[in-house]
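Written out below as structure tokens is the structure these notes cover.
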Amino acid sequence: MKEVTISSTDEVDKLDGFGDTFAFDVETRDEDTKKLTADWYNLEVFLLSLYDGEISVVVDCYNDDTDELLQAVFDQIAPNRGQANTVIAHNIPFDIKALHKHDVSLYNADWFDTLIAHHLLDERKKHGLKHLAKEYFDADVVGLQDSYRQDKMSDTLEEYARKDTVWPFRLADRFWPKLCEEDLDTLFKKVEMPFQRVLVEMEENGVKFNKEKAERYRKKLSDQITNMEVEMCDLVGIDVEEQFTLTDDGVNYVIPFNWASNKQLRELLYDELELETDIETDAGKKSVGEKALKSLKGQHEVIDTLLEYKTATQLKSNFFDVLPDLVDEDGRIRPAYKDFGAETGRLSCANPNMQNLPSDEWRGVETRECFEASDGKKMIAVDYSGQELRVAAQVTKDSQLIQNIKEGIDPHLMNANTVFDLGLDREQMKRSHPNYDKIKKKYKESGERGKAKIFTYGILYGAQEYRIMNEFGCTEEEAKEYLENYFDTFSGIKDRFDEIEKKVQKQGYIRTMYGRKRRFSKRDGKYGKYYPPAAFRQAKNHTIQGASSDMMRVALIKTLNYKHNNPEYGLDILMTVHDEAVVECNEQYAEKVAEDIEDIFASVVGDSFVVDMPAHSDIGDTYAAA
């Protein structure tokens, strides 16, 4: 292996003969403090490494001309934005984003992310580069922190940088034949690699956040939490001292009980108030979690307020206490998305976790109201209508489910009618029926329609008697009867589920319609190795949830292409929340863009799908409005 070091634009000619396929990696630090960082908004590249299978290059960017040096290097080896190149990296969105900070683009190159390749080959394993280097090459691993100096490149840092490109290059050489062998090459090339561009787009764009509005909500939550603590103390007979002040509030409270303490709460509920629950923690203590508290409803009037208190404190601590600190200087929050965070293939997110963003207003607190469209733009939220049920229809080919969807029947009402024998005919359950709203309201208020949602979604994800018993508070025999009634109507779902279990038993994995695998491990049992019940539940889940996730990936890839083909719209993909995509565009094009993106989303499934896949969008100045 030939080793080359470049520290100025005058030395770029050392790259003559460098290959079109290469691995690259960047090391980044804060541009002001020079401390190591991965925070995109503040970072700069201080080291670039490259490897083409023969030549190992380290570009020393400690000088003041980083932009010029990096651009000269890539102009030499990847002109035309990498059009003729294949570039390899481990977690490629990060490295691409770091290059963008220095106006270097590899957009037209073919991307090969060894992290994503390994995730597709076995989603159960660890995917870190150092871990893989140890596993595949028995390599000695040195930490970046131990090698880094703020003033100049050290010998150990140079060695570290070279390995960070040699390893991905060799891993790509190993992983590609395996992807082809397991029929994962199309998913990798046509879905996952284009989707990495979407991740770069979302993480660079971020979303505008109104800190002043968030602070008002935080203060409102704090006041409500205090009032609930006082109210709960009164309900259980705990004296609260009032201290009058000259502030706007006029009074402070000294509350002698910590309602956030599980220990104090457990003693109060179960020792002093002598409430009863069968729900315990892993340590064998009576639980004070949400599920346990719900089981205590009706035993004491404090429980209702306590559940509301739990919601308020979680909302405040998970969002309003942390979101303002995540806002960059340009007023935008940039979440970190993880394309390999869930074994099903679902996208995960951190700092903040947008997937957990509350969807509803709570006591006048609207979290989504704080996320706003940029000046001169409108925000558009788009999602599929009944995606999971429609994917289930495609997966199971259940004739009754397909017919229900095509006729516009309310699935929750249909399942309530099936399970609880409400005596409704098909016409009454159609959304087009003149009395539909009245019928829906009746069974929503009496509870059957709400309970039936476990059959609409839970059964599709493998819920069985135990879950139904917990949700309904019924006996095992009653739960079995409910399930039998459901599967009598949707026999195609039962047949498909039986087939999935047989496949897991036979081959140890299941695939989605896009080819994504979910693998399962056997456990040691008294009579030999066996697949646990959870494996079969997860397999059923994967065929629907995994396919739904990849459908969203394809829709967003098409949306990004639409953006590039229509630059005048000013379209930016901002984020995904749950199963919803959020974009913004120039205000005057909002109606046009919303309509086009609905069509793009709907077109993903093609003519072979057994039902259509309509999408719905809304437009607003804030995420709450959209």
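The values are calculated or read from the model by the stated rules, or taken from the named source; none is laboratory data. Computed from a predicted model, the values in this text were never measured in an experiment. Here the Cβ positions follow ideal geometry from the backbone for every residue, glycine too, while neighbour counts run over all protein chains shown. Surface accessibility is based on the protein's heavy atoms, side chains included, excluding ligands, DNA and RNA. Shrake-Rupley method; radii C 1.70, N 1.55, O 1.52, S 1.80 Å.
Can you tell which of Ile88, Ile96, Ile55, Ile92 is modelled with pLDDT of 95 or more and out of contact with any strand residue (DSSP E or B) (no Cβ under 6 Å at 6 or more places or on another chain)? First the steps, then the outcome.
Working: Ile88 fails: out of contact with any strand residue (DSSP E or B) (no Cβ under 6 Å at 6 or more places or on another chain); Ile55 fails: out of contact with any strand residue (DSSP E or B) (no Cβ under 6 Å at 6 or more places or on another chain); Ile92 fails: out of contact with any strand residue (DSSP E or B) (no Cβ under 6 Å at 6 or more places or on another chain).
Of the residues listed, the single one that is modelled with pLDDT of 95 or more and out of contact with any strand residue (DSSP E or B) (no Cβ under 6 Å at 6 or more places or on another chain) is Ile96.
Among (1) touching a residue at least 40 places away in the same chain (Cβ under 8 Å); (2) open to solvent by less than 50 Å² (accessible area, probe 1.4 Å); (3) in a helix (DSSP H, G or I), there is one condition Ala133 misses while meeting the rest; what is its number?
With respect to (1) touching a residue at least 40 places away in the same chain (Cβ under 8 Å); (2) open to solvent by less than 50 Å² (accessible area, probe 1.4 Å); (3) in a helix (DSSP H, G or I), Ala133 is out only on (1).
So if I check each of Val166, Val87, which one is assigned to a helix (DSSP H, G or I), in contact (Cβ under 8 Å) with a residue 60 or more places away in the chain and surrounded by 16 or more Cβ atoms within 10 Å (Cβ to Cβ)?
Values: Val87 fails: assigned to a helix (DSSP H, G or I).
Among Val166, Val87, only Val166 is assigned to a helix (DSSP H, G or I), in contact (Cβ under 8 Å) with a residue 60 or more places away in the chain and surrounded by 16 or more Cβ atoms within 10 Å (Cβ to Cβ).
Would you point out the residue of the stretch 550-606, among those that are hydrophobic (A, V, I, L, M, F, W, C) and part of a loop (DSSP other than H, G, I, E, B), that is least open to solvent (accessible area, probe 1.4 Å)?
So the first thing to find is which residues in the stretch 550-606 are hydrophobic (A, V, I, L, M, F, W, C), and the list is 551-552, 554-557, 560, 571, 573-575, 577, 581-583, 585, 590, 593-594, 597, 600-602, 604-605.
After this cut, where a residue has to be part of a loop (DSSP other than H, G, I, E, B) as well, the list is 571, 604-605.
Values: Leu571: 6, Val604: 23, Val605: 23 Å².
Looking at residues that are hydrophobic (A, V, I, L, M, F, W, C) and part of a loop (DSSP other than H, G, I, E, B), I get Leu571.
Part of a helix (DSSP H, G or I) and at negative phi: is that true of Asp140 in this structure? Lay out the reasoning, then the answer.
Working: part of a helix (DSSP H, G or I): no; at negative phi: yes.
For Asp140, the condition - part of a helix (DSSP H, G or I) and at negative phi - is not met.
Among the residues of the stretch 343-366, write down those that are outside any loop (DSSP other than H, G, I, E, B) and either among the basic types (Lys, Arg) or open to solvent by 50 Å² or more (accessible area, probe 1.4 Å) (or both).
Just the residues of the stretch 343-366 that are outside any loop (DSSP other than H, G, I, E, B), to begin with: 348-350, 354-356, 362, 365.
Residue satisfying the conditions is Asn356 alone.
It is to be established whether one or more residues within the stretch 377-384 are surrounded by fewer than 17 Cβ atoms within 10 Å (Cβ to Cβ) and not in a helix (DSSP H, G or I).
Keep residues of the stretch 377-384 that are surrounded by fewer than 17 Cβ atoms within 10 Å (Cβ to Cβ), which gives none.
Within the stretch 377-384, not a single residue is surrounded by fewer than 17 Cβ atoms within 10 Å (Cβ to Cβ) and not in a helix (DSSP H, G or I).
Among the residues of the stretch 464-479, what is the count of those that are among the small types (Gly, Ala, Ser) and under 13 Å from Val419 (Cβ atoms)?
Initially, the stretch 464-479 is screened for residues among the small types (Gly, Ala, Ser), giving 473, 479.
Among the residues that remain, those that are also under 13 Å from Val419 (Cβ atoms) are: 479.
Result for the stretch 464-479: 1.
I'd like to verify a number: residues in the stretch 488-535 that are open to solvent by 40 Å² or more (accessible area, probe 1.4 Å) and either under 29 Å from Leu179 (Cα atoms) or assigned to a helix (DSSP H, G or I) (or both), how many?
Here is the first cut: in the stretch 488-535, the ones open to solvent by 40 Å² or more (accessible area, probe 1.4 Å) are 488-489, 491, 494-495, 498-499, 501-503, 505-507, 509, 511, 513-514, 521-524, 526-527, 529-530, 533.
Okay, now just the ones that are also either under 29 Å from Leu179 (Cα atoms) or assigned to a helix (DSSP H, G or I) (or both), so 488-489, 491, 494-495, 498-499, 501-503, 505-507, 509, 511, 513-514, 521-523, 529-530, 533.
Final tally of qualifying residues: 23.
Filtering the stretch 616-626 down to residues that are of a type in the set (A, V, I, L, M, F, W, C) and within 19 Å of Gln355 (Cβ to Cβ), which residue is least open to solvent (accessible area, probe 1.4 Å)? Reasoning before the result, please.
Going residue by residue through the stretch 616-626, those that are of a type in the set (A, V, I, L, M, F, W, C) are 619, 624-626.
Right, trim to within 19 Å of Gln355 (Cβ to Cβ) and you get 624, 626.
Details: Ala624: 41, Ala626: 16 Å².
Checked the stretch 616-626; the qualifying residue least open to solvent (accessible area, probe 1.4 Å) is Ala626.
All but one of (1) surrounded by fewer than 20 Cβ atoms within 10 Å (Cβ to Cβ); (2) over 28 Å from the mean Cα position of the chain (by Cα); (3) at negative phi hold for Leu48, so report the exception by its number.
Of the numbered conditions (1) surrounded by fewer than 20 Cβ atoms within 10 Å (Cβ to Cβ); (2) over 28 Å from the mean Cα position of the chain (by Cα); (3) at negative phi, the odd one out for Leu48 is (1).
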